[in-house]
Amino acid sequence: MLSNKSGMLYTGVTNDLEQRLFQHKNKMNEGFTKRYNINRLLYFESTSDVTVAIAREKQIKGMLRSKKIELIKTMNPGLIDLSEDWYK
């Protein structure tokens, strides 16, 4: 899940997390993440099965915000940008 400084959340699926996050951080694609400056990686899961990934994305998108925050905190209790040092 991605977020901006004000805490807005975004959930998506990609087959290349580093490349996709680079695009979000550099506002390379029009849309929700560019409009709301959503560029902080708070949580991610990995699978090689695209069907599983899409099903999980739908499951997460259907969660209440409070449940999404609980899920994020299982991996990232400090809600820090997990990709902070990826592009230095």
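The values are calculated or read from the model by the stated rules, or taken from the named source; none is laboratory data. As the structure is a prediction and not an experimental result, all values here were calculated from the model. Positions of Cβ are backbone-derived with ideal geometry, glycine not excepted, and every protein chain shown enters the neighbour counts.
Brief remarks on what is shown
- Residue within the stretch 45-54 that is loosely packed, with under 12 Cβ neighbours inside 10 Å, assigned to a helix (DSSP H, G or I) and hydroxyl-bearing (Ser, Thr, Tyr) present: yes
- Restricting the stretch 1-20 to residues that are touching a strand residue (DSSP E or B) at 6+ places or on another chain (Cβ under 8 Å) and over 19 Å from Arg56 (Cα atoms), the residue that is modelled with the highest pLDDT is Asn4.
- Residue match in the stretch 26-34 (condition: among the polar types (S, T, N, Q), surrounded by 12 or more Cβ atoms within 10 Å (Cβ to Cβ) and either in contact with a Ser or Thr (Cβ under 6 Å, 6 or more places away or on another chain) or in a loop (DSSP other than H, G, I, E, B) (or both)): no
- Any hit, the stretch 62-81, residues being exposed (fewer than 13 other Cβ atoms within 10 Å of the Cβ) and touching a helix residue (DSSP H, G or I) at 6+ places or on another chain (Cβ under 7 Å): no
One line per residue, one yes/no per condition, for (1) in contact with a Pro (Cβ under 8 Å, 6 or more places away or on another chain); (2) closer than 19 Å to Gly7 by Cα; (3) not in a loop (DSSP other than H, G, I, E, B):
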site	(1), (2), (3)
Tyr43	no, yes, no
Ile60	no, yes, yes
Leu71	no, yes, yes
Gly78	no, yes, no
Leu82	no, yes, no
Asp85	no, no, no
